[in-house]
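First the structure, which I've put down as structure tokens, then a few questions once you've had a look.
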Protein chains: 2
Amino acid sequence: MDPIRSFQQLAGHLSGSGVRRRIAVVCGSDSSTCQAADRALAGGFAEIVFVGRTADVRRRRAAEPFPALVRYVDAADDASAARLAVALVRRGEADVLMKGLVPTDVLLRAVLDKEQGLLPPGSVLTHLAAAQLPAYGKLLCFTDSAVIPYPTPRQREVQVACAVRLCHALGVAEPRVALIHCSEHVSDKFPHTLTYAALAAAARQGRWGRAVVDGPLDVRTSCDAAALAVKGISSPIGGQADALVFPDIEAANAFYKAITLFAGAETAGILQGASSPVVLPSRGDSAASKFYSLALAALF
Amino acid sequence: MDPIRSFQQLAGHLSGSGVRRRIAVVCGSDSSTCQAADRALAGGFAEIVFVGRTADVRRRRAAEPFPALVRYVDAADDASAARLAVALVRRGEADVLMKGLVPTDVLLRAVLDKEQGLLPPGSVLTHLAAAQLPAYGKLLCFTDSAVIPYPTPRQREVQVACAVRLCHALGVAEPRVALIHCSEHVSDKFPHTLTYAALAAAARQGRWGRAVVDGPLDVRTSCDAAALAVKGISSPIGGQADALVFPDIEAANAFYKAITLFAGAETAGILQGASSPVVLPSRGDSAASKFYSLALAALF
């Protein structure tokens with residue numbers, strides 16, 4: 001498989017793959033969620049169960065396209081819609097959970113419920129995104145701009161694992177994962193840099209299959225070979241990172257907001273660590289971004 | 001004075017202002033530092049003292065332009081060049097200190113020296129940058145991507161003060177300073193957000209003259225009125241921030257590297273808090289960026 005280098009290629013790959021994921025959409029009556037779902041249906045890689053106030057969804061999907069691929073499950077309120085959709089996934093009747101017009105905390109409460117949720121014991125829920133940047137020649141994955149504030153060493157290990165897994169799913173045979181820091185120095189003033197060497201060593205020992213993990217590197221030396229050379233640094237990432245693991249949510253979020261606002265980036269994001277991928281867009285995300293997120297989730 | 005909205009306007013403003021700053025350049029024999037210095041000389045707002053191995057500098061400046069505005073002071077090594085340049089500033093013979101091809105720690109050691117340095121007792125040294133982004137209609141200042149790792153409340157107060165001062169110097173009558181966080185919620189999980197309300201209140205009481213300070217806001221809600229509206233947030237920043245104060249160096253650095261690498265941003269940066277502004281570029285910075293940094297320093 002050739003590496004998937006853009007969201008358009010991702011959508012094309014899924015359309016041609018014979019994959020068909022069953023997606024439970026919670027309260028998907030808003031325009032951008034409906035558009036994203038219909039685009040996934042048109043792409044041939046999705047069946048959709050709309051869970052919530054389905055009269056609203058039907059009104060929005062006036063022509064009700066792809067009737068054979070769509071189900072509606074009624075729920076009286078946000079919380080019961082979230083619980084019903086989670087139950088569909090638990091019973092094996094849906095493969096992916098997607099948030100529509102429901103508050104994030106309501107959906108996450110259903111996902112995280114100890115008895116009836118989607119989180120295997122001991123698992124780590126983390127957010128993983130992919131960005132398509134006009135100034136970069138391939139998709140750039142990054143974590144975690146949304147869920148884990150200050151990752152523990154164990155949580156960071158899971159983040160690396162998720163990043164590698166996503167890159168593999170995108171067809172990158174040996175993904176390059178950069179561990180981000182404001183400089184290239186390991187220092188006990190920045191405790192997370194002390195754990196970076198251990199992660200790089202684990203990768204060399206094959207912990208995550210074929211993958212190169214290195215750091216500390218900053219965003220520029222991770223993604224620009226010339227900047228790496230100017231600084232006189234040698235790194236197996238070679239200025240061609242496929243994924244960036246940020247030190248904390250503040251850095252990842254600043255990166256995410258900067259590239260979407262100022263660099264024309266398209267992004268897609270999913271939660272990993274639950275028994276199924278969860279698509280958890282922000283209200284402000286475009287229909288395109290929600291569709292790309294669905295496509296990303298459909299890889300798993 | 002109309003607000004200065006681009007580095008070109010900044011250079012033009014300085015050229016027309018009658019200001020002439022004396023700049024002590026430490027080990028400025030590299031091409032981009034010489035080009036930046038010569039551009040400041042051509043702009044009519046600088047005199048330069050090159051301190052270091054001056055034979056190397058003269059070789060680089062082959063035609064030795066603007067001889068009446070240039071002095072050379074010889075020093076045998078980096079450390080003595082740094083000390084000599086700092087001494088020039090202390091004696092009032094230079095207004096601005098600029099780093100050339102000298103390691104940052106060598107220059108900072110001379111600046112921070114308790115007896116012979118440039119740091120008034122009790123002052124806070126912090127880095128302040130300005131970015132010119134093709135996708136934003138004005139200069140966007142931000143702090144601190146380089147010096148203070150995790151600002152204390154007192155240090156953050158100084159960062160706000162420096163940001164306001166720079167915006168005022170750029171002619172922004174009532175600068176809008178956004179206190180950045182990954183979300184808009186005040187939470188004791190993120191202790192710095194607890195201090196943001198106090199800073200906003202101090203601004204309302206006029207602590208920094210005319211200025212609007214608000215947060216927590218993320219980068220997008222700070223700089224995009226539509227994103228603010230979608231989230232249903234009301235903020236006096238109004239999506240038109242003039243300056244961003246980041247929670248820590250990781251977030252600020254990720255922002256800085258993302259906008260320069262992916263968003264075509266030009267940036268300029270200075271250290272504030274010393275008795276004179278210090279221009280401390282990275283080796284990889286372009287001649288243009290070093291020139292803009294000199295221009296920014298010349299405002300003070």
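The values are calculated or read from the model by the stated rules, or taken from the named source; none is laboratory data. Everything numeric here is computed off the predicted structure, so don't read it as measured data. Here the Cβ is made from the backbone with ideal geometry for all residues, glycine too, and neighbour counts use every protein chain on show. Side chains are part of the model used for accessible areas, which takes the heavy atoms of the whole protein and leaves out ligands, DNA and RNA. Shrake-Rupley method; radii C 1.70, N 1.55, O 1.52, S 1.80 Å.
Could you say whether any residue in region A:22-34 is over 23 Å from A:Ala130 (Cβ atoms), part of a helix (DSSP H, G or I) and not acidic (Asp, Glu)?
In the first step, residues of region A:22-34 are kept if they are over 23 Å from A:Ala130 (Cβ atoms); the result is A:27, A:29, A:31.
Applying the additional criterion that residues be part of a helix (DSSP H, G or I) yields A:31.
The next check asks that each one be not acidic (Asp, Glu); those that pass are A:31.
Within region A:22-34 (the criterion being over 23 Å from A:Ala130 (Cβ atoms), part of a helix (DSSP H, G or I) and not acidic (Asp, Glu)), the answer is yes, since at least one residue qualifies.
Oh, and also: From (1) more than 22 Å from the chain's Cα centre (by Cα); (2) under 18 Å from B:Gln132 (Cα atoms); (3) crowded, with 24+ Cβ neighbours inside 10 Å, pick out the condition that doesn't hold for B:Ser222.
Evaluating B:Ser222 over (1) more than 22 Å from the chain's Cα centre (by Cα); (2) under 18 Å from B:Gln132 (Cα atoms); (3) crowded, with 24+ Cβ neighbours inside 10 Å leaves (1) as the failure.
Go through region A:268-300 residue by residue and tally those that are of a type in the set (S, T, N, Q) and out of contact with any strand residue (DSSP E or B) (no Cβ under 7 Å at 6 or more places or on another chain). Break it down into steps so the answer makes sense when it comes.
First, the residues of region A:268-300 that are of a type in the set (S, T, N, Q): A:272, A:275-276, A:282, A:286, A:289, A:293.
This time we only want the ones that are out of contact with any strand residue (DSSP E or B) (no Cβ under 7 Å at 6 or more places or on another chain), so: A:275, A:282, A:286.
Qualifying residue count, region A:268-300: 3.
Going through B:Arg71, B:Arg5, B:Arg91, B:Arg21 one at a time, which residue ends up being open to solvent by 10 Å² or more (accessible area, probe 1.4 Å) and farther than 25 Å from B:Ser275 by Cα?
Numbers: B:Arg71 fails: farther than 25 Å from B:Ser275 by Cα; B:Arg91 fails: farther than 25 Å from B:Ser275 by Cα; B:Arg21 fails: farther than 25 Å from B:Ser275 by Cα.
Result of the check over B:Arg71, B:Arg5, B:Arg91, B:Arg21: B:Arg5.
Considering each residue of region A:126-137, count those that are more than 17 Å from A:Ala295 (Cβ to Cβ) and either within 14 Å of another protein chain (Cβ to nearest Cβ) or in contact with a Leu (Cβ under 6 Å, 6 or more places away or on another chain) (or both), and give that number.
Selection size over region A:126-137: 5.
Taking region B:271-286 as the search range and keeping residues that are in contact (Cβ under 8 Å) with a residue 12 or more places away in the chain and closer than 24 Å to A:Gly232 by Cα, which one is farthest from the other protein chains (Cβ to nearest Cβ)?
B:Val279
Return the residue satisfying two criteria in turn: it lies in region B:1-21 and is of a type in the set (Gly, Ala, Ser) and in a loop (DSSP other than H, G, I, E, B), and of such residues it is farthest from B:Ala85 (Cα to Cα).
Of everything passing the filter in region B:1-21, B:Ser6 is farthest from B:Ala85 (Cα to Cα).
Exactly one condition in (1) under 20 Å from the mean Cα position of the chain (by Cα); (2) of a type in the set (Gly, Ala, Ser); (3) within 24 Å of A:Ser6 (Cβ to Cβ) is not met by A:Ala254; state its number.
Just one mismatch for A:Ala254, condition (3).
Output the residues belonging to region A:226-238 that are more than 7 Å from chain B (Cβ to nearest Cβ) and open to solvent by less than 30 Å² (accessible area, probe 1.4 Å).
A:Leu228, A:Ser235, A:Ile237, A:Gly238 - these are the residues of region A:226-238 that are more than 7 Å from chain B (Cβ to nearest Cβ) and open to solvent by less than 30 Å² (accessible area, probe 1.4 Å).
Looking at (1) touching a strand residue (DSSP E or B) at 6+ places or on another chain (Cβ under 8 Å); (2) open to solvent by less than 10 Å² (accessible area, probe 1.4 Å); (3) within 12 Å of chain B (Cβ to nearest Cβ); (4) closer than 25 Å to A:Ala173 by Cα, which one does A:Ala265 not meet, given that it meets all the others?
That leaves (2) as the condition not met.
Please verify whether region A:119-131 includes one or more residues that are in contact with a strand residue (DSSP E or B) (Cβ under 6 Å, 6 or more places away or on another chain), open to solvent by less than 50 Å² (accessible area, probe 1.4 Å) and either at positive phi or of a type in the set (D, E, K, R) (or both).
Checked region A:119-131: no residue is in contact with a strand residue (DSSP E or B) (Cβ under 6 Å, 6 or more places away or on another chain), open to solvent by less than 50 Å² (accessible area, probe 1.4 Å) and either at positive phi or of a type in the set (D, E, K, R) (or both).
Restrict the check to region B:131-141 and report whether at least one residue is under 19 Å from B:Tyr256 (Cβ atoms), within 16 Å of the chain's Cα centre (by Cα) and small (Gly, Ala, Ser).
Looking for residues that are under 19 Å from B:Tyr256 (Cβ atoms), within 16 Å of the chain's Cα centre (by Cα) and small (Gly, Ala, Ser), one finds at least one in region B:131-141, hence yes.
Of all residues in region A:37-67, count the ones that are assigned to a helix (DSSP H, G or I) and within 23 Å of A:Ala87 (Cβ to Cβ).
The qualifying residues number 8.
Looking at (1) farther than 29 Å from A:Gly12 by Cβ; (2) not in a helix (DSSP H, G or I), which is the only condition A:Met98 fails?
Every condition holds for A:Met98 apart from (1).
Follow-up. Filter region B:147-172 for residues that are open to solvent by 60 Å² or more (accessible area, probe 1.4 Å) and either hydrophobic (A, V, I, L, M, F, W, C) or more than 27 Å from B:Gly12 (Cα to Cα) (or both) and give the result.
B:Tyr150, B:Thr152, B:Pro153, B:Arg154, B:Glu157
Taking region B:16-39 only, how many residues are under 18 Å from B:Val70 (Cβ atoms) and out of contact with any strand residue (DSSP E or B) (no Cβ under 7 Å at 6 or more places or on another chain)?
Of all residues in region B:16-39, those under 18 Å from B:Val70 (Cβ atoms) come to B:19-39.
Filter again for out of contact with any strand residue (DSSP E or B) (no Cβ under 7 Å at 6 or more places or on another chain), leaving B:19, B:30-32, B:34-36, B:38-39.
Adding up the residues that qualify gives 9.
Output the residues belonging to region B:239-248 that are facing chain A (nearest Cβ under 7 Å) and crowded, with 24+ Cβ neighbours inside 10 Å.
B:Phe246, B:Pro247
So, B:Cys167, is that one at pLDDT 95 or above, away from chain A (no Cβ under 14 Å) and within 20 Å of B:Asn253 (Cα to Cα) or not? Show your work before the answer.
On the way: at pLDDT 95 or above: yes; away from chain A (no Cβ under 14 Å): yes; within 20 Å of B:Asn253 (Cα to Cα): no.
Answer is no for this residue.
In the list A:Leu199, A:Leu228, A:Leu194, which residue meets the criterion of being touching a Lys or Arg at 6+ places or on another chain (Cβ under 9 Å) and at pLDDT below 95?
Values: A:Leu199 fails: at pLDDT below 95; A:Leu194 fails: touching a Lys or Arg at 6+ places or on another chain (Cβ under 9 Å).
Only one candidate passes the filter, namely A:Leu228.
Conditions (1) touching a Leu at 6+ places or on another chain (Cβ under 6 Å); (2) touching a residue at least 40 places away in the same chain (Cβ under 8 Å); (3) under 21 Å from B:Ile270 (Cβ atoms); (4) of a type outside the set (Gly, Ala, Ser), marked per residue:
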site: B:Leu139; (1), (2), (3), (4): no, yes, yes, yes
site: B:Ser187; (1), (2), (3), (4): no, no, no, no
site: B:Ala202; (1), (2), (3), (4): no, yes, no, no
site: B:Ala229; (1), (2), (3), (4): no, no, no, no
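Next up: Conditions: (1) buried (at least 16 other Cβ atoms within 10 Å of the Cβ); (2) on the phi < 0 side of the Ramachandran plot. B:Ser15 meets all but one. Number of the miss?
Here B:Ser15 meets the rest and fails (1).
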